[in-house]
1. Scan the stretch 81-90 for residues that are in contact with a strand residue (DSSP E or B) (Cβ under 7 Å, 6 or more places away or on another chain) and open to solvent by 40 Å² or more (accessible area, probe 1.4 Å) and jot them down.
2. Kindly establish whether residue 118 is on the phi < 0 side of the Ramachandran plot and open to solvent by less than 30 Å² (accessible area, probe 1.4 Å).
3. Report every pair of residues separated by at least 6 positions or lying on different chains whose Cβ atoms are under 7 Å apart, first residue within the stretch 406-434 and without any contact (Cβ under 8 Å) to a residue 24 or more places away in the chain, second assigned to a helix (DSSP H, G or I).
4. Determine the pairs where a residue that is surrounded by 11 or more Cβ atoms within 10 Å (Cβ to Cβ), located within the stretch 264-281, has a partner that is hydrophobic (A, V, I, L, M, F, W, C) and modelled with pLDDT under 65 with Cβ atoms under 6 Å apart, the partner being 6 or more residues away or on another chain.
5. Out of curiosity, is residue 359 part of a loop (DSSP other than H, G, I, E, B), open to solvent by 80 Å² or more (accessible area, probe 1.4 Å), at pLDDT below 75 and not hydrophobic (A, V, I, L, M, F, W, C)?
6. Spot the failing condition for residue 38; the list is (1) of a type in the set (A, V, I, L, M); (2) more than 14 Å from residue 131 (Cα to Cα); (3) open to solvent by less than 80 Å² (accessible area, probe 1.4 Å), and only one is missed.
7. Being crowded, with 18+ Cβ neighbours inside 10 Å and touching an Asp or Glu at 6+ places or on another chain (Cβ under 6 Å) narrows it down to one of 106, 156, 169, 144, so name that one.
8. Just to be sure before I move on: is residue 113 more than 20 Å from the chain's Cα centre (by Cα) and hydrophobic (A, V, I, L, M, F, W, C) in the structure I sent?
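The values are calculated or read from the model by the stated rules, or taken from the named source; none is laboratory data. Keep in mind it's a predicted model, so treat the numbers as computed, not measured. Using ideal geometry, Cβ is built from the backbone for each residue, glycine included, and neighbour counts are taken over all protein chains shown. In case anyone asks, the SASA skips ligands and DNA or RNA and just uses the protein heavy atoms, side chains included. Shrake-Rupley method; radii C 1.70, N 1.55, O 1.52, S 1.80 Å.
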Amino acid sequence: MWRGLWTLAAQAARGPRRLCTRRSSGAPAPGSGATIFALSSGQGRCGIAVIRTSGSASGHALRILTAPRDLPPARHASLRLLRDPRSGEPLDRALVLWFPGPQSFTGEDCVEFHVHGGPAVVSGVLQALGSVPGLRPAEAGEFTRRAFANGKLNLTEVEGLADLIHAETEAQRRQALRQLDGELGHLCRGWAETLTKALAHVEAYIDFGEDDNLEEGVLEQADIEVRALEVALGAHLRDARRGQRLRSGAHVVVTGPPNAGKSSLVNLLSRKPVSIVSPEPGTTRDVLETPVDLAGFPVLLSDTAGLREGVGPVEQEGVRRAQESCNFLATVVASVGTQSPSDSSQRLLLVLNKSDLLSPEGPGPGPDLPPHLLLSCLTGEGLDGLLEALRKELAAVCGDPSTDPPLLTRARHQHHLQGCLNALGHYKQSKDLALAAEALRVARGHLTRLTGGGGTEEILDIIFRDFCVGK
């Protein structure tokens, strides 16, 4: 059995090294090519701008720009006068930080220049770095790509970093930070270790099935571990792609009869005049959409035409589009008025507007209504209750990054987990132990590729293409 375990350990050790030595399509392998530099803070006039380098010539560039001074202590900020190496002209008095590799973000020698954020200062320092032999401007995402290639970040952490940079709401920030902290990668590594153990048991039985020294119940233990892993994978695959919705945004459609206050509610939730409000019925003739931060979740908020028999072809087309928006909606529907969308599978909040017109004694006798919320768009009364109800609905649709397990945030995650689950199904159906072992290897390979890159440059290019220059 130990021979089988040793073989598996050697195979597992070889895999990550192959991934870490793969070259990107647009950048040299870390440590083997040019040193890169870029502005890492935002463009435009600001108080402080951060310019950084990565590569073997970083220390040389720092010495040239701060000559005749030596390198500062590692990871300590030092105030230095920066000079143009060609003319000797002072450029700025800046804080510099020296990060010798491998203890840096990219794993290479790195330098950060914290300069004053005026465009002329930033341009002067960038031009000075460009004049240093061996340095070139960085491509988009090249710093992070080198960090990945050097094993500083796995692929799910890279994706979390990209999501954190693009996060616009509190919920998106929380989810991205959890993924950057490695929660999803740690979960996948735990699953991969489970498969490694099960595979070791199967291969041990293949090698030593007739050996009296082999522990009893080896195959039964592997089956137990595979069944438990199937349950865990199934639970994550049944999350209805909530993590992807949280990245891209949910869709909230406000629909109902004319003059119920739909446009007023959209303006109230978006905190800006998105829709025209008028006492005349049929003011909204089309679907008006606006992105909003709703209770910490990214939302595309849609105002629709009133659901009625239109008096003209334009309004009839608006009603048709409103109904179409509801029919294809897979998230939250906020219905304003007393009518609700016909699709009972949608999540529905029934909101009764114009509560300010009710008498102090409350609503009089009338038809029984389903659970609903009272709101006055005029006075704002009931808005807090509506926002809390929307938050709960959005948390159910997108997941709650504060309490839920790590979510799958990309279709790539879904693909590899489904592939792993399918391979485990082949394992259970296999009558031959060699085929069962191969199924476990395929399943483990999907988990490895989820955190390690998939082995093709095209996949890496897709992941890194949305990074900005300087990151």
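1. From the stretch 81-90, those in contact with a strand residue (DSSP E or B) (Cβ under 7 Å, 6 or more places away or on another chain) are 81-84, 89-90; that's our starting set.
Passing the criteria: 81, 83, 89, 90.
2. Working: on the phi < 0 side of the Ramachandran plot: yes; open to solvent by less than 30 Å² (accessible area, probe 1.4 Å): yes.
Spelling it out, residue 118 is indeed on the phi < 0 side of the Ramachandran plot and open to solvent by less than 30 Å² (accessible area, probe 1.4 Å).
3. Between residues of the stretch 406-434 that are without any contact (Cβ under 8 Å) to a residue 24 or more places away in the chain and residues that are assigned to a helix (DSSP H, G or I), the close pairs are 423/439; 423/442; 423/443; 423/446; 426/439; 430/436; 430/439.
4. 264/277; 265/336
5. Considered against the rule, which asks whether it is part of a loop (DSSP other than H, G, I, E, B), open to solvent by 80 Å² or more (accessible area, probe 1.4 Å), at pLDDT below 75 and not hydrophobic (A, V, I, L, M, F, W, C), residue 359 comes out as no.
6. (2)
7. On inspection, the qualifying residue turns out to be 169.
8. Taking the combined requirement at face value, the residue satisfies it.
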